[in-house]
Every structure is written in C-alpha cells, then in structure tokens.
1. Mind listing whichever residues of region 72-90 are closer than 11 Å to Y24 by Cα and either at pLDDT below 95 or in contact with a strand residue (DSSP E or B) (Cβ under 6 Å, 6 or more places away or on another chain) (or both)?
2. Those residues that are over 23 Å from T133 (Cβ atoms) and surrounded by fewer than 22 Cβ atoms within 10 Å (Cβ to Cβ), I need them from region 68-85; list them, please.
3. For region 199-229, give me the residue count where each residue is buried (at least 24 other Cβ atoms within 10 Å of the Cβ) and either touching a strand residue (DSSP E or B) at 6+ places or on another chain (Cβ under 6 Å) or within 30 Å of A46 (Cα to Cα) (or both).
4. Taking region 229-248, which residues are under 21 Å from L177 (Cβ atoms) and in contact (Cβ under 8 Å) with a residue 40 or more places away in the chain?
5. Please work out which one of (1) over 16 Å from P30 (Cα atoms); (2) of a type in the set (V, I, T); (3) surrounded by fewer than 24 Cβ atoms within 10 Å (Cβ to Cβ) is the condition V98 fails and give its number.
6. I'd like the full set of residues that are modelled with pLDDT under 95 and buried (at least 24 other Cβ atoms within 10 Å of the Cβ), limited to region 262-276.
7. Can you tell me which residue is nearest to the chain's Cα centre (by Cα) among those in region 185-237 that are within 16 Å of R317 (Cα to Cα) and hydroxyl-bearing (S, T, Y)?
8. Is it the case that region 140-157 has a residue that's closer than 21 Å to A57 by Cα, at pLDDT 95 or above and not aromatic (F, W, Y)?
Amino acid sequence: MAKPAVLSPDTPADTVRAARWQDYFQLLKPRVMSLVVFTAATGLVAARTHIHPLLGAVAVLCIAVGAGASGALNMWYDADIDAKMRRTRGRPVPAGLVEGSEAATLGVVLSLLSVMLMGMAINWLAAGLLAFTIVFYAVVYTMWLKRWTAQNIVIGGLAGALPPAIGWAAASGSAPLNAWLMVLIIFLWTPPHFWALSLYISTDYAKAGVPMLPVVKGAKETRKQILLYSLVFIPVCLAPAATGLGGPLYLAVSALGGLVFLILAWRVFRSDAGDAADPRTGDRALYEVQAPEAAPAEAEAAPGKRPPPVGGAKDARNLFAFSILYLFALFAALLAEAMIGIRALELAL
C-alpha cells in the first residue's frame, strides 16, 4: 500500500510549490547513482572481455536506472522518518513536492524497465543480479533492516556493493572470484564509512527511531567497530594485487591510502566522537552525499560563522570524507589498469 507524501513539520503547507522535473530526478538519488555507475563501469571494464561499446553503454544505463529505481522506492517508504530528520527532510516526498504514490510508481516502473532491458539486451545473469540488488535494497534493507537492527548498514550494504559484479556479468556472462572481490571491498567499506557519518548525526537517527549503531550501542562501541572493520577492510583492499585483478598502480594506491584510512580510524577510536551533540548538524558538509538539498536554512544563512565541531566530531568527519576518496581511488586505479591492459592487447593484435 502506497504511503502518502509526509510534509516536514517545518514546512508550512501553503508554501509548498508545484513539483518540477528536478524533484522527480532527486527521487533517484543521483549522487548515489553516480557512485553505482562508476563501480559498475569498473567491473565491466575489469572483466577485460570484448563487449560492443553500445551494449556496454546499455548495461551501465540499466544499472543506473535500477539504482535510481531503488532510490525512489526508498524515498517513498521512508517518507515518514525522512520528515523527522534534518538531513533528509528536504527530500521531495517529505517536503510535499511529490506524492508518495508517485515515487512508488516511478520506482516500480524503472525497476521493471531496467531489469527487462538488461535481460533482453545483455544477459539474464546480469539482469538477475540487478533485480536482486533492487529487491534487497528496497525491501530487505529499507522495509526491514533499517528499522529493525543496528546491523542495518552491515547487511544492507550488500545492495550497494553488487554493481561491480553486475557490470562484470554484463561484459562476460559470468561473475568470477575477482568480481566478488570488488563486491567485498565495497561491502566492508560501507560500515566504517556510514558509522563515521552516524557518529555526528546520531541525534537525527534517534529522533526518527532508526536503530543506528551509535543510538543502540553508544558512541564508544561504534568507534570500536569502525576500527575493527577498518582492520579487516584494508587487507582485503590489498588482495586484488595478489589475484591479478590489480597491478602496481592499484597496489600503491591501496597501500598508501589504506595506511591513511587506518590512521584516521585509529584517531576516531581514540576520540570522543559521538559523545556530545555536534552544533554543526546544520552544516551541509555533514550530510550524506546524496542529499545536499536537505541542509537546513540556518546552515546557509551565515557561512563562515558555524561553530567548530565538538570533540572528536572532526575526526569522524575526516574519516567519512576520506573514505569516499579512498574508494574512488581504488576503483579508479582498477579502471585505469584495465583500460591500459585492453589497449595494450589491441595494439599487440
């Protein structure tokens, strides 16, 4: 049953404007979609299998549309809790710009379109993985895990980790060990990345009743879990250099970046991040990348006059920001080496 749009408590009903095409586009979470497209394209190229450029573009388009469909379904179902959180209350559905039923319809239509096109134009293994990803994110994570367990990000992170395997399957019709190694990298990256974010916006999650780890287990346990996951994550990031997936460039990027990642994770562990409310909760920089429009008005009213972060909030923010850069650098190195290898093979032939 479709949920109606939920107006934010701070949005006067008589000030809501008519929906524009940009509002519907925001339902697709375009910034998240850009990361999905990048990692999927890396998987497609890293397969080092010939695929017609047009079919490759169709495969990436299907993955992008599928990711957008997941985002629209997420925004439809989460409209009630999004309206309670400063970080998300400006999204189209809780802001009253788009009806919940419209977001749900858009999500279902795009889901069917992306999966069917992938199956008919590319192959059904890639289509099956894409369908699983959409269902896992929209149903298993959004409708169940997110509101039920503090491990929501850990388990639900599988949905965001699968695009490289989908891209690989689209190119080769198979998903070998190296494809799943790329999935594992993103899967293990997700908890320290999002828990670092949750440390300085935990009051948002508590207000909405979302059982994020800092809300359920406290900041100290969250900082410990960030360090433990980081200690597992970094060795896995080095593994592609041993399996043939990555080369010298990748090894250098993963090793140097991994060292910085561990240092930042250690600083978070030793800090008091999350122990006190951060007065910068209105700062655009503290919000997850897919919702820049959600930053409240007071964050933009007096730029340059925002109070400094409390305690270790700066350490958590630094880890969150660097984690995005590190993941991008890892996949950029894999993509560059794969493209160079393909070009070298073409010249040899």
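1. none
2. Across region 68-85, the qualifying residues are D80, K84.
3. Selection size over region 199-229: 1.
4. Selection gives V232, F233, V236, C237, A239, P240, T243, G244, L245, G246, G247.
5. (3)
6. A273, G274
7. T190
8. no
The values are calculated or read from the model by the stated rules, or taken from the named source; none is laboratory data. None of the values given here were measured: they were computed from a predicted structure. Every residue, glycine among them, receives a Cβ derived from its backbone with ideal geometry; neighbour counts consider all protein chains shown.
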